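Beneath this line is the structure, given in structure tokens, with notes to follow.
Read-outs throughout are calculated quantities, based only on the coordinates presented, and are distinct from any laboratory measurement. Just so it is clear, the model here is predicted, and its values are computed rather than measured. Note that we place each Cβ from the backbone using ideal geometry, even for glycine, and neighbour counts take in every protein chain shown.
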Amino acid sequence: MTQFRARRTWLVLGVVVAVIVLAGSGLLSPRTAVLVDDVAQLVGGATATAVCWWTSRRHHGVERRWRTLMALGMAGWTLGMFFWAFYRSVLHVPLPSPSIADIGFFMFPVFAVPALLSLVRESPRREAIGPIHLWLVLTLDGLVVVGGLFILTWTTALGAVVHTGPTGSLGFLVAVMYPITDFVLIAMVLLMVIGPKAVAEIREPLTFLGCGLVMLSLSDSLYAYLVAIGAESMPTIADAGFIAGPPLIALAALTKRTEPRNRDAPQQWRSDRTQLLLPYLLIAVIATIVTVQALIVGNLDAVVVILGVGVLVLALVRQILTLLENDALLQQISAAQDELRYRAHHDPLTELANRAAFDEHFASAIENYRLTNSDWVLMLVDLDDFKQVNDRYGHPAGDRLLVALTARLREAVPESAFVARFGGDEFTVLLQGPIDDAVVVARRIVDALSSDQTADTSVSVGASVGVAQFELADEPLSAHALLRRADAAMYEAKRSGKGAVVVYCDRRED
């Protein structure tokens, strides 16, 4: 299929080049050359219209939408071309300007603009910013590019023509509108080409579409120039863009969107950065050209000054939006980092501190004890008969029970206590204070977690608590030693009948 597309592309391009060479070679008589020129444009426009419409019926969503819009745009362009060819090749008289043909020609950008917009997709860097911000940024970028291109055209050629040509006629104004509308289309294609996400999927159709628009724009600009200087006819070779543009648009409609590929973050950032810098690079080029012209001529055209100030204002607004966008992105990144830190230190089910957070807090408590010799107590809380809930009613019921018991556990301990889910149905409590106060808290925990009313079950659960005091005994104080003491006390509480509190220091049931 790829080889077939390649052969088809080369065949179409070969026919286009052959027609352009034949029409502009001078081998044909003037009338015959004009006839070949007009027929080629009509056939190309009608073919592009039919291909865009036919391929739109075979697609859905965005793929159908942009092809349908381009079909309508090319239909208007072909209609305008029909009247143009009728005057030139049948009546053999120059087409008046403005004329009914201009209405058809101007239908093309009316439908081509929304066709291009339908292909625009949000970049990964802006997905959280919102569609309104995206369209506003794209509009500003487009206006800056269009204004910049128009200034370049004005300073290099169009300005001199305007000052010397018949600028007061409606025909001149209509002719100038052609390059302006083309600037809009070219600017949109340029912004899409450097876009970070859409171009990977639509690179091939967008290439053909962009080349077709560029070719049409070149001939439109030549037409505007010839009208501005009062030329009576348009040379056949100047219609090369009108001959090549529609077939390229037809090739774009025949080309399928490629499957999206994963690209790493640096590539996305570089592409987004290019899109961000494009308007400012264009402004720098404009400033250089205008400065050189001012030094050579000695003054600046009023149009250049007005448009230049307008472009700078648009660029300033764009910069403000960029700052706001960056601020929003930084806030989003900060929120995401806070969320990651929270998830890294909290149990997702009970939202208590997890084992990692407990280890950090436990190490700090041991260090505090060594430095200040203050009283610290570790409690290990293990639920009694909790396995029966999972075995009889399933893990979802067990999870709901854990959440309910976690709420009771939090209410039973002081706010200063550090509570963590140690794993499964085990919890740890770190409490600063004397051992007697800790025993009171441990008994409150047992009372709070011992209940016949359990979520979705008839199983009665309870809790056994092992208590270990921070103290230097027959072995060096360490996290491992304290956990082993609390664990030993907790298992002694279970052996004594469950629902009890045992302190490791004297190994007696309280």
Quiz prompt | Cα-based Kirkwood hydrodynamic radius, the range 355-509, one decimal, Å | solution = 15.7
Quiz item: In whole Å, what are the Cα extents of the range 1-112 along the three principal axes, biggest one first?
Solution: 45, 34, 16
Exercise. Name the shape class, rounded, prolate or oblate, that the alpha-carbon gyration tensor gives for the range 301-360, where a ≥ b ≥ c are the square roots of its eigenvalues, rounded holds for a/c under 1.5, and otherwise prolate holds if a/b is larger than b/c and oblate otherwise.
Key: prolate
Quiz item: Say the dipole of the range 355-509 comes from +1 at the beta carbon of Lys and Arg and -1 at that of Asp and Glu; which of Tyr393, Val439, Ala407 then lies farthest toward its positive end?
Solution: Tyr393
Quiz item: In nanometres, what is the gap between the two model label sites at Asp385 and Leu13, each 7 Å from Cα along Cα-to-Cβ?
Solution: 8.2
Practice problem: For the range 21-72, just list the percent of Cα-Cα distances falling in each 5 Å bin from zero outward, please. | Solution: 5, 21, 19, 12, 10, 10, 10, 8, 4, 1
